[in-house]
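Participant: Could you have a look at this structure, given as structure tokens, before my questions?
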Amino acid sequence: MRIAILSQNSESYSTKRLIEAAEQRGHEASVVDYMRCYMTIATHRPRVIYQGESLEGVEAIIPRIAASYTFYGNAVVRQFEMMSVYTVNSSQAIARSRDKLRSLQLLSRKGIGMPVTGIAHATQDIEGLMSDVGGAPMVIKLIEGMQGIGVVLAETHQAAKSVIEAFRSLDTNILVQEFIAEAGGADIRCFVLGDKVVAAMKRQGAPGEFRSNIHRGGAASVIKLTPEERSTAVRAAQAMGLRVAGVDILRSNHGALVMEVNSSPGLEGIEGATNKDVAGMVIDFIAKKAKPGPQPDRIQG
């Protein structure tokens, strides 16, 4: 099978591991920088051109689209779908997961546990917004942030009010969220593949840091999930329509709470913590599921 990994960084751990796993299984794998592709849209003959060559022979793609380039990256994914190329995560599913407001609304509709959350842009009722999520301490985020950037823990009422006012002055959308103190600065990353959690790790924030992102100094370790946590992670991925997902969960006094669903989960932390060949599992999944023919651009539910 000819597989293309849509990635801007051919030297990243995740990209190199996917190439390695594909080649070990006898597949032809290559890295395609989606931002350097161009597309021609013609009746019955859509094409993606990369480095002067048409990618018409590709049978499956693994999109690893950076959050800051979602619009164009997802357009490339849609073009491959029009070419009847199997994509492990569809363009519609990627778009759902990248829209934090939409993703939270979908989780809510499916009855999946999550921290109480408020979304605002230019509201004058800051007191009401804070009250609705239970008051301080609370987490305040820029909706466009990633990897823990643009995330603040406001420990007092006045601090929370000041941060919201400051963020509001940026003319941006903000998210105000209940702080789950009992999580102790840790979360669980569940790697979902199809309808199963194939690997999971606990991420513990650095001392004095409430964010558990490994990019910000967090430490990873293997963890045993409860049946509720496994079910929650799978349901959250399916709510987005994702076949491959990293689902971040907090352990709270009232059960598993989903923080985020990631459509391009990294492999380095999860493989290092669990000693599992997660990249190989992804390639095996694609080899089993990929079928030629039109790819839908709609998700039910």
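FYI, it's all coordinate maths here, none of it is from the lab. Source: prediction; values computed, not measured. Counting neighbours? That spans all protein chains shown, and the Cβs are built from the backbone with ideal geometry, glycine included.
Participant: Would you mind checking which residues have amide H under 5 Å from Ile61's amide H? H placed 1.01 Å from N; only 5 or more apart, or other chain.
Facilitator: Residues meeting the criterion, in which the H sits 1.01 Å from N, are Ala4, Tyr86, Thr87, Val88.
Participant: Any idea what the relative contact order of the chain is, in percent, if you count C-alpha pairs under 8 Å spaced at least 6 apart?
Facilitator: This gives 19 percent for the chain.
Participant: Which of Ala42, Ala236, Ala279 moves the most in a Gaussian network model of the chain with Cα springs under 10 Å?
Facilitator: Ala42
Participant: Evaluate E = 1/(1 + (r/R0)^6) for Tyr38 and Ala67, where r is the Cβ-Cβ distance and R0 equals 22 Å; express this FRET efficiency to the nearest 0.05.
Facilitator: Calculated value: 0.50.
Participant: Still on this structure, please answer the following. Taking amide H positions as placed in the peptide plane 1.01 Å from N, state which residues far from Leu267 in sequence (5 or more) or on other chains have amide H under 5 Å from it.
Facilitator: Those qualifying (amide H under 5 Å, at least 5 residues apart or on another chain) are Ser14.
Participant: Given the pairs Lys196/Lys288; Lys110/Lys224; Lys110/Lys289, which span a C-alpha to C-alpha distance of over 21 angstrom in this model?
Facilitator: With Cα atoms farther than 21 Å apart: Lys110/Lys224; Lys110/Lys289.
Participant: How far is it, in nm, from the label point at Ser252 to the one at Ala75 when both lie 7 Å from their Cα along the line to the Cβ?
Facilitator: That separation, rounded to one decimal, is 3.8 nm.
Participant: I've got another one for you. Rank these for me by crowding, Arg189, Arg168, Arg102, going from fewest to most other beta carbons within 10 Å.
Facilitator: Taking fewest neighbouring Cβ atoms as first place, the list is Arg102, Arg168, Arg189.
Participant: What FRET efficiency would be calculated for the residue pair Ser54, His121, taking the C-beta separation as r and a Förster radius of 45 Å, to the nearest 0.05?
Facilitator: Rounded to the nearest 0.05, the efficiency is 0.55.
Participant: Next question. Take Lys224 and Lys288, extend 7 Å from each Cα along the Cα→Cβ direction, and tell me the distance between the two endpoints in nm.
Facilitator: 2.5 nm
Participant: Using the number of other C-beta atoms within 10 angstrom as an exposure proxy, rank His254, His121, His157 with the fewest first.
Facilitator: By the 10 Å Cβ count, ascending, the order reads His254, His121, His157.
Participant: Also: Using Cβ counts within 10 Å as a stand-in for footprinting exposure, how do Val116, Val247 rank, fewest first?
Facilitator: If I rank by nearby Cβ atoms, fewest first, I get Val116, Val247.
Participant: How much length is gained on full extension from Ala166 to Glu20, taking 0.36 nm per residue of separation minus their Cα-Cα distance?
Facilitator: The Ala166-Glu20 span can extend by a further 47.9 nm.
Participant: Averaging sequence separations of C-alpha pairs under 8 Å and six or more residues apart, then dividing by the length of region 2-96, give the relative contact order as a whole percent.
Facilitator: Reported relative contact order: 28 percent.
Participant: Whole angstrom only: what separates the Cα centroid of region 15-52 from the Cα centroid of region 128-201?
Facilitator: With region 15-52 and region 128-201 each reduced to a Cα centre, they are spaced 36 Å.
Participant: Using the Karplus equation 6.51 cos²θ - 1.76 cosθ + 1.60 (θ = phi - 60°), what ³J(HN,Hα) coupling, rounded to whole Hz, does each residue of region 108-125 give in order, writing x for Gly and Pro?
Facilitator: Each residue's phi maps through the Karplus curve to give 4, 5, 7, x, 8, x, 7, x, 4, 10, x, 10, 8, 10, 10, 4, 8, 8 Hz.
Participant: Going Cα to Cα from Lys161, which lysines come in below 27 Å? Please leave out same-chain ones fewer than 8 positions away.
Facilitator: Lys100, Lys141
Participant: Separate question: Between Met114 and residues 5 or more places away or on another chain, which pairs have amide H atoms under 5 Å apart, with H built 1.01 Å from N, and which residues are they?
Facilitator: Result for Met114 returns Val258.
Participant: While we're here: Express the Stokes-Einstein translational diffusion coefficient of the chain in µm² s⁻¹, to the nearest whole number, given a Kirkwood radius over alpha-carbon pairs, 37 °C and a viscosity of 0.692 mPa s.
Facilitator: 162 µm²/s
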